[in-house]
Amino acid sequence: MPASQVPPPPERFNFAEHLLQRNAGRAGRTAFVDDHGSLSYGALDERVRRLAAGLKSLGLKREERVLLLMQDQCEWPVAFLGAMYAGIVPVAVNTLLTADDYAYMLEHSRAQAVLVSGALLPTLAAAMVKSDHEVGKVIVARPGAPLQPNEVELEAFLAAHAPAAKPAATAPDDPGFWLYSSGSTGRPKGAVHTHGNPYWTSELYGMRILRLTENDVCFSGAKLFFAYGLGNGLTFPMSAGACTLLMAERPTPDATFRRWLGHTAGGSCPKPTVFFGAPTGFAGMLASPALPARSEVALRLVSSAGEALPAELGERFKAHFGVDIVDGIGSTEMLHIFISNLPERVRYGSTGWVVPGYEVELRGEDGQPVADGEIGDLYIQGPSAAIMYWGNRAKSRETFQGGWTKSGDKYVKNADGSYTYGGRSDDMLKVSGIYVSPFEVEATLVQHPAVLEAAVIGVDDADGLVKTKAFVVLKAGAHASEDELKAFVKDKLAPYKYPRLIEFVGELPKTATGKIQRFKLREREGAGR
């Protein structure tokens, strides 16, 4: 069915109910597999409805929030869909952050309960001590230690409640869930998505571009808390009735290869037929001595997003495995991919073509469309856009402009209608597919007693992928090593934010008013000095 013929969701629409009903005839088929076992579609249906009933029994009401801080395991889709089924809004958060980050998110979202993996409970507990916001109940999946009075084990919580008989009577434009998007000042922005948004990404991209089927086994290196990973590992496979392989550990090459070869940490698993990754991950895989042979894997389709895919990486992957990497661009604000290469048409070095159902414009500094071949700021229009950033009117107005969403990326439209990435419109960096604010890293570096000032930019490595580099000016007479400063940042920020390279300099380039000129540092790097 062409994108123009995709029927809109009905006036009464609950996305969790939609997915459960779509798979009502697949009760015995496997929906999810993790390191500890599997979950059938039938069992998933019952557990989602039990959780919905349990959350309502706590007194949670429509559109109130619950924080979802879980590793990728079979309990994650139960938690996410269970909340949505009840009309409660899950706030899915990055599992790599610090207690300070979670304290902010608890207060900002005003979460009334938390669903958390046992492995992450100590960090959550530290966040709750730091936060002034009181959380009513903490529901713990697979706890590893005795629980506190306000904590309850997930399995016991599910067993204590009969499945909800019907879902909340939500509508397509009602708030469905939140995802946090990194902010340029370091404070994340809560993007509010509706019940209808994942329906549109699943129909327009998952079903019509990737053309997933119930015979596929999907495996995503990007975690479920990412907009990219949420589509890859939950909404797309469930829309097709496929099986999803979940992995709690980091997607290192070795961990990824084990799953490709049919092994988990707890035993065997079906070999993935579809893999979703990011360029940094593919570079690591191709450099690994453990790279499997083409005959050992079952891959038929491979997707990439999160950062621009260097052409050479895609070509090397295709040469080894005989499968193209289908590169695309999406965003937290648009929920998933809106420009993409096609499985049957890949142009390496470009991001591909506009996904039918979306429109894009490239605009110049005057706000007017630029000519083909000229670089411009990327704006997107489509049915999956978030409705706002919670509690941030200024940023909402800046990003969501009428029917258009400003991406913050620069692009060029090519003669064949494809689009090529041209960098960021601001100073934000994307490292391993995750945004990093240079301001946040700089502000942390200058807390070190030896550092006078610092500036952070992105530099390309040998594979053409972005890594953070800090230029540091030390105080007169002070001393600090590169390793010391890296460890200092790691101790205060999420570990992935630390600068991979540090160069000590005597001064930083600045404007007459004292503003650091990062573009001059980027020019210096590009010139080789």
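The set of residues in the stretch 400-419 being crowded, with 17+ Cβ neighbours inside 10 Å, of a type in the set (S, T, N, Q) and within 18 Å of Val346 (Cα to Cα) consists of Ser418 alone.
Residues checked against (1) without any contact (Cβ under 8 Å) to a residue 60 or more places away in the chain; (2) out of contact with any Ser or Thr (no Cβ under 8 Å at 6 or more places or on another chain):
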| residue | (1), (2) |
| --- | --- |
| Asn197 | no, no |
| Trp200 | no, no |
| Met207 | yes, no |
| Glu214 | no, yes |
| Ala222 | no, yes |
| Ala227 | no, no |
| Gly231 | no, no |
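Within the stretch 352-364, restricting attention to residues that are under 17 Å from Thr201 (Cβ atoms) and part of a loop (DSSP other than H, G, I, E, B), the residue that is least open to solvent (accessible area, probe 1.4 Å) is Val355.
Table: residues versus (1) hydrophobic (A, V, I, L, M, F, W, C); (2) assigned to a strand (DSSP E or B); (3) within 18 Å of Asp216 (Cα to Cα).
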{"position": "Thr280", "(1), (2), (3)": "no, no, no"}
{"position": "Ser303", "(1), (2), (3)": "no, yes, yes"}
{"position": "Val326", "(1), (2), (3)": "yes, yes, yes"}
{"position": "Phe338", "(1), (2), (3)": "yes, yes, no"}
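Looking only at the stretch 217-237, which residues are open to solvent by 10 Å² or more (accessible area, probe 1.4 Å) and polar (S, T, N, Q)? The answer is Ser220, and nothing else. The residue list Val33, Val116, Val48 contains one member that is part of a helix (DSSP H, G or I), open to solvent by less than 30 Å² (accessible area, probe 1.4 Å) and within 28 Å of Gly267 (Cα to Cα), which is Val48. Take the residues of the stretch 153-183 that are farther than 15 Å from Phe80 by Cβ and under 17 Å from the mean Cα position of the chain (by Cα): which is surrounded by the most Cβ atoms within 10 Å (Cβ to Cβ)? Here the residue is Ser182. For the stretch 136-146, the tally of residues that are at pLDDT 95 or above and either open to solvent by 50 Å² or more (accessible area, probe 1.4 Å) or of a type in the set (A, V, I, L, M) (or both) stands at 6.
All conditions but one from (1) of a type in the set (D, E, K, R); (2) within 28 Å of Trp178 (Cα to Cα); (3) open to solvent by 20 Å² or more (accessible area, probe 1.4 Å) apply to Glu344; the one that does not is (2). For Asp372, indicate whether it is among the acidic types (Asp, Glu), closer than 26 Å to Leu309 by Cβ and open to solvent by less than 50 Å² (accessible area, probe 1.4 Å). Spelling it out, it is not the case that Asp372 is among the acidic types (Asp, Glu), closer than 26 Å to Leu309 by Cβ and open to solvent by less than 50 Å² (accessible area, probe 1.4 Å). Considering only residues in the stretch 250-263 that are in contact with a helix residue (DSSP H, G or I) (Cβ under 7 Å, 6 or more places away or on another chain) and under 22 Å from Phe236 (Cβ atoms), the one that is least open to solvent (accessible area, probe 1.4 Å) turns out to be Thr256. Looking only at the stretch 289-304, residues that are open to solvent by less than 20 Å² (accessible area, probe 1.4 Å) and either without any contact (Cβ under 8 Å) to a residue 60 or more places away in the chain or touching an Asp or Glu at 6+ places or on another chain (Cβ under 7 Å) (or both) come to 3 in all. Taken as a whole, the structure places Glu214 among residues that are open to solvent by 40 Å² or more (accessible area, probe 1.4 Å) and of a type in the set (Asp, Glu).
Consider Leu261 carefully, then state whether it is among the aliphatic types (A, V, I, L, M), touching a strand residue (DSSP E or B) at 6+ places or on another chain (Cβ under 9 Å) and at negative phi. No: the conditions fail for Leu261.
Checking the conditions here, which among Pro279, Pro310 is closer than 30 Å to Gln381 by Cβ, surrounded by 17 or more Cβ atoms within 10 Å (Cβ to Cβ), at pLDDT below 95 and out of contact with any strand residue (DSSP E or B) (no Cβ under 8 Å at 6 or more places or on another chain)?
Details: Pro279 fails: out of contact with any strand residue (DSSP E or B) (no Cβ under 8 Å at 6 or more places or on another chain).
On inspection, the qualifying residue turns out to be Pro310.
The values are calculated or read from the model by the stated rules, or taken from the named source; none is laboratory data. Because the structure is predicted, anything quoted here is derived from the model rather than measured. All Cβ positions, glycine included, derive from the backbone under ideal geometry; neighbour counts span all protein chains shown. These area figures cover heavy atoms from the full protein model, side chains too; ligands, DNA and RNA do not enter into them. Shrake-Rupley method; radii C 1.70, N 1.55, O 1.52, S 1.80 Å.
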